[in-house]
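Written out below as structure tokens is the structure these notes cover.
Values in this text are rule-based calculations from the coordinates and carry no lab data. Everything numeric in this text was worked out from a predicted model, so none of it was measured. Cβ atoms come from the backbone with ideal geometry, glycine included; neighbour counts cover every protein chain shown.
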Amino acid sequence: MPIYEYQCQKCKHVFESIVLGSDRQTPECDKCGSREVVRRISAANTIGASSGSINTSCTPNPSSGFS
Ligand SMILES: [Zn+2]
């Protein structure tokens, strides 16, 4: 069961969400409820290892509509 890590673009909250194969909807931020979240390539062993220097150059524009 894949667990993806997301970061909210509004409040910068990072959270994890289990995503089933048939359900790839973007989850809401569990802190502020925003859907402006980006999925991060995640594994449990990366948590806490990259704070402060996340490369966001390839982050899609969250306001560009549906994806
Ligand atoms: Zn948020």
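Worth pointing out:
- Arranged from fewest to most other beta-carbon atoms within 10 Å of their beta carbon, CYS11, CYS29 become CYS11, CYS29.
- Label-to-label distance, nm, for residues given as ARG39 and CYS11 (7 Å Cα→Cβ offset): 2.3
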